[in-house]
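Heads up: the structure comes next, in structure tokens.
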């Protein structure tokens with residue numbers, strides 16, 4: 001989906017809920033605090049007063065959909081620590097590095113992000129090939145194929161890519177051993193063999209051994225506009241805080257879009273405990 005903001009078109013992120021641990025453990029934690037297992041409307045939790053649960057009982061526990069106690073603790077008594085026993089993991093595709101910076105401000109989360117250290121070889125291979133017959137136009141056209149920006153305006157993205165080329169070219173002029181930084185040792189002979197054939201060189205570099213940690217020398221060329229993918233896991237208490245702050249008119253519009261997409265795939269049993277007026 002594309003939306004225009006401040007005169008620029010942006011693509012919105014996509015989100016899938018990968019796993020959720022259920023609310024049964026959270027109610028069990030709360031019942032442990034108050035020693036009130038027998039008061040639960042869920043039989044599997046009532047039985048915890050008498051004995052430890054079997055494997056089958058644990059499965060039933062994790063499938064619980066409603067808990068009157070959790071609702072009371074969340075909205076009447078504000079005993080939110082018990083919400084930390086429920087966890088949800090989301091796969092996010094196509095948010096921006098700018099959003100990633102905003103995400104880092106939420107302390108209690110587990111986050112794994114597409115690494116620029118290991119995933120920039122295509123960009124660098126396009127630049128290397130461009131220096132052997134293709135020029136800036138080859139680089140721009142090749143990188144356009146990557147669909148690597150959250151902005152969805154081709155003319156604007158050409159400006160972004162041209163700026164990347166200019167920064168790489170500046171570095172190319174300054175660093176004597178540029179190719180040693182950019183290309184795996186086993187692929188260096190290709191620079192002479194395929195000189196003047198940029199597409200063939202690009203294809204050969206792409207299919208050859210990748211330079212390890214190639215992004216270390218070239219991270220400076222990318223901006224907050226670049227798309228990133230990530231897997232993020234929140235406990236329910238932290239997710240409550242995240243939705244309250246990020247699904248808000250005061251939030252940066254791109255992270256607000258992400259929070260809204262995350263909320264769409266969050267099951268009702270969790271939203272009932274953390275979001276008012278859903």
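The values are calculated or read from the model by the stated rules, or taken from the named source; none is laboratory data. A quick note: this is a predicted structure, and the numbers were derived from the prediction, not measured. Quick reminder, even Gly has a Cβ in these numbers, built from the backbone with ideal geometry, and neighbours come from all protein chains shown.
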Those residues that are farther than 26 Å from residue 1 by Cα, without any contact (Cβ under 8 Å) to a residue 60 or more places away in the chain and surrounded by 15 or more Cβ atoms within 10 Å (Cβ to Cβ), I need them from region 137-158; list them, please.
-> 139
From the option list 171, 206, single residue qualifying as outside the structural domain of residue 1 (by TED's automatic domain parsing), assigned to a helix (DSSP H, G or I) and surrounded by fewer than 15 Cβ atoms within 10 Å (Cβ to Cβ) is 206
Filter region 249-278 down to the residues that are outside any helix (DSSP H, G or I) and out of contact with any helix residue (DSSP H, G or I) (no Cβ under 7 Å at 6 or more places or on another chain), then identify the one that is surrounded by the most Cβ atoms within 10 Å (Cβ to Cβ).
-> 266
Need at least 3 residues that are under 20 Å from residue 234 (Cα atoms) per element, so show me which helices (runs of 4 or more DSSP H) inside region 1-97 make the cut, counting only ones lying wholly within it.
-> 24-34, 68-75
Test: residue in region 113-125 that is surrounded by fewer than 16 Cβ atoms within 10 Å (Cβ to Cβ) and on the phi > 0 side of the Ramachandran plot | no
Checking 197, 209, 268, 240 in turn, the sole residue that is over 21 Å from residue 101 (Cβ atoms), more than 18 Å from the chain's Cα centre (by Cα) and free of Cβ contacts under 8 Å to residues at least 12 places away in the same chain turns out to be 268
Mind checking which residues of region 114-139 are out of contact with any helix residue (DSSP H, G or I) (no Cβ under 6 Å at 6 or more places or on another chain) and closer than 16 Å to residue 216 by Cα?
-> 114, 115, 118, 119, 122, 123
